[in-house]
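> Can you keep this structure in mind? I'll have questions shortly.
Coordinate-derived values only; no laboratory data. All of these numbers come straight from a predicted model, not from anything done at the bench. As a convention, Cβ positions derive from the backbone with ideal geometry for all residues, glycine included, and neighbour counts pool all protein chains shown.
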Amino acid sequence: MDPETLKLLLDPDGYALLDSLPPYDESLAMALSERLRADGHAPALVAAALTQSRLRKKAHEKFADFAADMLFTADGLEQATRLPVAARHAERFAGAGVRTVEDLGCGIGSDSMAFAAMDLNVRAVDSDEVTAAIATMNLRHFPSASVTHARAEDVDLTGADGVWLDPARRDNGSRLFDPEAFSPPLSFVSEVAERVSAVGAKLGPGIPHASIPAGAEAQWVSVDGGVVEAGLWFGALARAGVGKAALVLGPGGAVELTDVDLPGQDVGEVGDYLYEPDGAVIRAGLVTGLLPITDGRLIDPKIAYVTSDRAVDTPLATGYVIDDVLPMSLKKLRAYLAERNVGIVTIKKRGSNIVPEQLRQQLRLSGDNEATIVLTRVGKSHLAMVVRPLEHAGEHAHDKR
């Protein structure tokens, strides 16, 4: 969004038009645009209002009903913290006794909204003028929050109580992978942590473990099965003894796994059940933490699958009943599926270089039934496991091999 477009939306008539729009419907957008222009509204304003309406609908996934009263940019929405996750950030600061948070790289203000909702004083800072203006609008209901247009590196942190950083990880729309190419770079986060007693930072979940600063707690977070961030916590915000953690948020609430008393590797034969760890558990390197939970074992020391002879319901992993285990042979797999009248397959893999779409074509499927195939490696052997989701399995499986 450019400054002129934002100016149109912030004009009282522009904002009134935006708030008067019906829930966004892509199939009706063109007709609605034509009607609004026919009613005398400027084409640029109509386009801007409809864009905001579309973004508000998309934002509902992250912000629920709050989205209907917010402004967005496309990039800002994509990078914004979901409110349930932002609330977790705010709880860390409040729990550590922090009263004022400097939110450096605030974006559209999602984390600042959560901080302010916890009655924390917030100074939100962003280097982009339009983004800072949008954050100001989104924080207008919180008197304890203010917004400053500035670079994170230029903010005077003398006497700062707590600092939250969300470095930009894109450049002209392209994702950046080098932590020192972030804006500000990861080294700046470490420097701030040396000067301020309570510091947190949001990074992408793909951050290499080797890049995590010494002394920081790293917590990978997933929401409804998707890994959304890796949070770094320093000083008063880091928990004693915790180096890495996986926080899984879902319909059933929050479950966390940490590296405290992490068990060693226990590798054994494929059992009756297979457990696919949540992505946050895998990213955090905590797969063996599932072994005592599932009473299980790894199928291979380098493969992130756990097997067990027990059915266990845990938000930390997706469970499957193993119906059959076959040596990975195209001929045998094709015959197996044809015999069972399977026409649709879901193919999952780990430790295999097979391309699922190519395999699906080679299987020449026909039939009315469906199946899920897990391709993996056990030692030097490549296997194809035929599985069913545990929640749909009905009675517990027995030994089928």
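> Which residues does the label zone of Ser183 cover in region 63-90, counting backbone N under 14 Å from a point 7 Å along Cα→Cβ?
Within reach of a label on Ser183: 75-76.
> Arranged by the count of other C-beta atoms within 10 angstrom, fewest first, what order do Lys302, Lys380 take? Each step should come with its number before you reach the end.
Numbers: Lys302 11, Lys380 6.
By the 10 Å Cβ count, ascending: Lys380, Lys302.
> Along the Cα-to-Cβ line of Asp69, 7 Å from the Cα, sits a label point; which residues in region 97-114 have backbone N less than 19 Å from it?
Backbone N within reach: 108-114.
> I want to check the label-to-label distance for Ala38 and Glu153. Put each point 7 Å from Cα in the C-beta direction and report it in nm to one decimal.
Here the answer is 5.4 nm between the modelled labels.
> Taking R0 as 41 Å, what's the FRET efficiency between Ile293 and Ser20 from their Cβ-Cβ distance, rounded to 0.05? Can you show the working numbers first?
Values: r = 52 Å, r/R0 = 1.26.
The computed FRET efficiency comes out at 0.20.
> Give me Glu256, Glu217, Glu180 sorted ascending by neighbouring Cβ count inside 10 Å, so fewest comes first. Numbers along the way, then the final one.
Values: Glu256 16, Glu217 22, Glu180 11.
Lowest to highest Cβ neighbour count: Glu180, Glu256, Glu217.
> What number results when the radius of gyration of the chain, computed over Cα atoms, is divided by 2.2 N^0.38 Å? Spell out each step's value before the answer.
On the way: Rg = 25.0 Å, N = 401, 2.2 N^0.38 = 21.5 Å.
Cα Rg divided by the expected 2.2 N^0.38 Å: 1.17.
> If you don't mind, there's one more thing I want to ask. Please report the Cα spread of region 273-392 along all three principal axes, rounded to whole Å, starting with the longest.
Principal-axis extents of the Cα atoms in region 273-392, largest first: 40, 30, 22 Å.
> Now, a different point. Would you mind calculating the relative contact order of the chain from Cα pairs under 8 angstrom and at least 6 residues apart, reporting the percent as a whole number?
That works out to 8 percent.
> As a test of the formula, what do you get for the chain when each DSSP H run with n ≥ 4 contributes -39,500 (n - 2.57) and the sum is divided by the residue count, at 222 nm and rounded to the nearest 500 deg cm²/dmol?
Working: 13 runs with 126 residues, N = 401.
So the helix-based figure for the chain works out to -9000 deg cm²/dmol.
> I'd like the Karplus ³J(HN,Hα) series for region 65-80: coefficients 6.51, -1.76, 1.60, θ = phi - 60°, whole numbers in Hz, and an x wherever there's a Gly or Pro.
Along region 65-80, the couplings run 5, 4, 4, 5, 10, 10, 10, 9, 10, 4, 5, x, 5, 4, 8, 5 Hz.
> So for the pair His209, Asn353, with labels modelled 7 Å out along Cα→Cβ, what separation do we get in nm?
2.4
> A further question on this structure: Once both labels are modelled 7 Å past Cα along the beta-carbon direction, what's the Asn172-Glu391 spacing in nm?
Distance between label points: 4.4 nm.
> Okay, next question. Between Ala338 and Asp266, what's the calculated FRET efficiency when r is the beta-carbon distance and R0 is 41 Å? Round to 0.05. Write down the numbers at each step before the final one.
Numbers: r = 37 Å, r/R0 = 0.91.
The computed FRET efficiency comes out at 0.65.
> Give me the percent relative contact order of region 261-401, please, defined on Cα pairs under 8 angstrom at least 6 residues apart. Can you show the working numbers first?
Working: 283 pairs, mean separation 35.6, N = 141.
With pairs under 8 Å counted, the relative contact order is 25 percent.
> While we're looking at this one, here's another question. Can you flag which of Lys302/Lys380; Lys302/Lys331; Lys202/Lys244; Lys302/Lys349; Lys57/Lys202; Lys62/Lys244 are past 20 Å Cα-Cα? Before the final figure, lay out each step's value.
On the way: Lys302/Lys380 12 Å; Lys302/Lys331 27 Å; Lys202/Lys244 14 Å; Lys302/Lys349 13 Å; Lys57/Lys202 25 Å; Lys62/Lys244 25 Å.
With Cα atoms farther than 20 Å apart: Lys302/Lys331; Lys57/Lys202; Lys62/Lys244.
> Turning to a different aspect of this structure: Want the number for Lys380 to His60: 0.36 nm per residue separation, take away the alpha-carbon distance, what's left?
110.5 nm
> Tell me, Lys348, Lys332 in order of fewest to most beta-carbon neighbours within 10 Å?
Numbers: Lys348 18, Lys332 12.
With the sparsest Cβ surroundings first, the list reads Lys332, Lys348.
> In angstroms, what radius of gyration and Dmax does region 200-263 have, counting Cα atoms only?
11.7, 34
> Just the Kirkwood number for region 77-257, please: inverse of mean 1/r across all distinct Cα pairs, in Å, one decimal.
Numbers: mean 1/r = 0.0617 Å⁻¹.
In region 77-257 this quantity evaluates to 16.2 Å.
> If I take every Cα pair under 8 Å that is 6 or more residues apart in region 201-262, average their sequence separation and divide by the length, what percent do I get for the relative contact order? Mind dumping the intermediate values first?
Details: 111 pairs, mean separation 19.3, N = 62.
Averaging sequence separation for qualifying contacts and normalising by length gives 31 percent for region 201-262.
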